[in-house]
Amino acid sequence: MVHYFATVARGLESLAAQEIEALGGQNVSPGFCGVDFTGDRPLLYRVNLWARLPFRILATVATFPCATADDLYDGIQALDWSTYLTPEQTLAVNATGKTQRLNHSHFTALQVKNAIVDQQRDRSGSRSTVDPQTPDVQVNVHLYQGQATVSLDSSGGSLHRRGYRPAVGMAPLKESLAAALVYLTEWQPDQAFCDPMCGSGTLPLEASLIALNHAPGLQRDRFGFETWPDFDPVCWQQLRQEAEAAQRPELGAPIVGCDRDQDVIEQARTNAECCGINTHLEFYQQDLSTVEAPATSGVVLCNPPYGKRLGQGEDLAALYKLLGNVLKQQFKGWTAYVLSGNKALAQSIGLKSAQRWPIYNGTLPCQLMKYELY
Ligand SMILES: C[S@@+](CC[C@H](N)C(=O)[O-])C[C@H]1O[C@@H](n2cnc3c(N)ncnc32)[C@H](O)[C@@H]1O
C-alpha cells in the first residue's frame, strides 16, 4: 500500500474524494486543496487515467521532521534514491510550503536536488541531470508544521490538460472545474444538457466525455509514472484497453452548446474533433436571445461573462436579465445552474435560487446558483 495525495482546486476536495473512492481508493480523506488516499500501483494508474477532478497524484515517499537546511539534506540522503531514479534519468524538484528557517522554496528545492545527486555520485560515480520541463522523475517536497513530505509526481503535468484542447476561448474553464460543475448539477447522461454561452465548449465537452464514459486521461501524451523505474507497462496497457472497451457508442440525450461568437464556436468544434466526439454533440452560433431548449427537460449549465476577464464595459446586468428571461420562458421544466463571480450581476437574473455553492475559478471566488424552472 502506498500513500497518495491528489491535489485539487480549493472547494472541490469532497467531490474529488467521492470520485477517488469510486475508483477504488482506500482510506480516502479530503484535506485542504487535496485528498489523501492509499492504494496499490494499479490504483495509481487508474486514478490518473479516470479521475476528472484532480490536478496531480503525488505518491508519498517519506515524511520526516525538518526545521533546518541540514535536517532536509540529511532526511533526503537517508532515503535510497536508487529505488526512484537511475543516474541516467533526468530529475526536477519542486518545493512548496515553509518552515521558520526554510522559507525560500527555490533554496529548499536546490537543497533536495543536491542531496539526491550527491547520493547518486557517491554510490555510482554519476548523477541525474536536471530537466525542469519534462523530467523523467519529478520530486515534490512540501514543508508544513516542522515536517517535510517528499513525494513523486505520478501525473507529470496537470491532469486538467486532457490533451483535447489546442483551442481555448477567451476565458475557458479548466476541464477539471468544468467536470466538477457537471457533477454538482447531478445531471444524468439520459438527460438533455445545454450551455447557451459555451465559449470554447468546455462544459458540453466534459458532460459528453462523462456520458460516453471516455476516460479523461486516454488522450494525454504522457504520465509521470511511465518513466519511473518500477513502471509496469503490461498493467498500464491493460487499463488503457479496458478504458477503450468501456466507452459508450452514443449519448443518451442531446448535448448542445451555443455562443454568439462564431470564432469560439469553431474552437469548440475543433476541441470536440480532437476528442473524437464531434459527431455526438452539437455547437451552434446563436445569440442567447434566440436560444431554444433542445428537449422538454434537462440541465442548463453556463458561466456567463462576469466582468473580471470578459465582458468588461458591456452591459452585463442586461445580459444576466436576458439570461433569466430566456431560462424562464424557453427552459420550463429544466433545472439551470449558473456560475458567476459577481453577486450583484447574479441578482440581475431575477430568479430565486434553490441552492448555492461557493466555488473557486482559479483564485476568483464564485458561486454556482441552481434554479428550478417551472
Ligand atoms: C466566460 S465565457 C464562457 C467560457 C466557457 N465556459 C469555456 O470554458 O470556454 C462566456 C461566453 O459568453 C458568450 N456570450 C456573451 N454574451 C452572449 C450572448 N448575448 N449570447 C450568447 N453568448 C454570449 C461569450 O461569447 C463567451 O464565450
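The numbers here are math on the coordinates, done by the rules we state, and not lab data. Just so we're clear, the structure is a prediction, and the values are computed from it rather than from any experiment. With ideal geometry, Cβ positions are generated from the backbone for all residues, glycine too; neighbour counts draw on all protein chains shown.
Quick notes on this one:
- Tally of residues being surrounded by fewer than 24 Cβ atoms within 10 Å (Cβ to Cβ) and more than 14 Å from GLY298 (Cβ to Cβ) across the range 250-263: 5
- Here VAL326 meets each of (1) over 19 Å from GLU175 (Cα atoms); (2) touching a Ser or Thr at 6+ places or on another chain (Cβ under 8 Å); (3) away from the ligand (no atom under 12 Å from the Cβ) with one exception, condition (3).
- Here GLY97 meets the list (1) touching a residue at least 60 places away in the same chain (Cβ under 8 Å); (2) small (Gly, Ala, Ser); (3) on the phi > 0 side of the Ramachandran plot almost entirely, failing just condition (1).
- Within the range 31-76, being of a type in the set (Val, Ile, Thr) and either free of Cβ contacts under 8 Å to residues at least 40 places away in the same chain or part of a strand (DSSP E or B) (or both) holds for VAL35, THR38, ILE57, THR60, VAL61, THR63, THR68.
- The lone criterion from (1) in contact with a Pro (Cβ under 7 Å, 6 or more places away or on another chain); (2) among the polar types (S, T, N, Q); (3) assigned to a strand (DSSP E or B) left unmet by THR86 is number (3).
- Residues of the range 115-138 classified as farther than 13 Å from GLN89 by Cα and in a helix (DSSP H, G or I), total: 7
- The numbered conditions (1) over 27 Å from HIS104 (Cβ atoms); (2) of a type in the set (A, V, I, L, M); (3) in contact with a Phe, Trp or Tyr (Cβ under 6 Å, 6 or more places away or on another chain) are all true for LEU58 except (1).
- Long-range neighbours under 7 Å by Cβ, at least six apart or interchain, first residue within 19 Å of THR227 (Cα to Cα) within the range 121-142, second among the aliphatic types (A, V, I, L, M) and part of a loop (DSSP other than H, G, I, E, B): SER128/LEU85; ASP136/LEU85; VAL137/LEU85
- Options PRO305, PRO294: the member that is near the ligand (Cβ under 9 Å from one of its atoms), part of a loop (DSSP other than H, G, I, E, B) and not aromatic (Phe, Trp, Tyr): PRO305
- Taken over the range 24-35, the criterion of being crowded, with 17+ Cβ neighbours inside 10 Å and over 16 Å from the mean Cα position of the chain (by Cα) is satisfied by GLY25, VAL28.
- THR202 vs. criteria touching a residue at least 12 places away in the same chain (Cβ under 8 Å), touching a strand residue (DSSP E or B) at 6+ places or on another chain (Cβ under 7 Å) and β-branched (Val, Ile, Thr): no
- Filter pass, ALA180 being in a helix (DSSP H, G or I), buried (at least 21 other Cβ atoms within 10 Å of the Cβ) and small (Gly, Ala, Ser): yes
- Among the residues of the range 7-27, those that are of a type in the set (A, V, I, L, M, F, W, C) and closer than 24 Å to GLY362 by Cα comprise VAL8, ALA9, LEU12, LEU15, ALA16, ALA17, ILE20.
- Members of the range 270-291 found to be assigned to a strand (DSSP E or B) and touching a Pro at 6+ places or on another chain (Cβ under 9 Å), listed by number: GLU282, PHE283
- Counted residues, the range 1-30 - those being in a strand (DSSP E or B) and touching a Cys at 6+ places or on another chain (Cβ under 9 Å): 1
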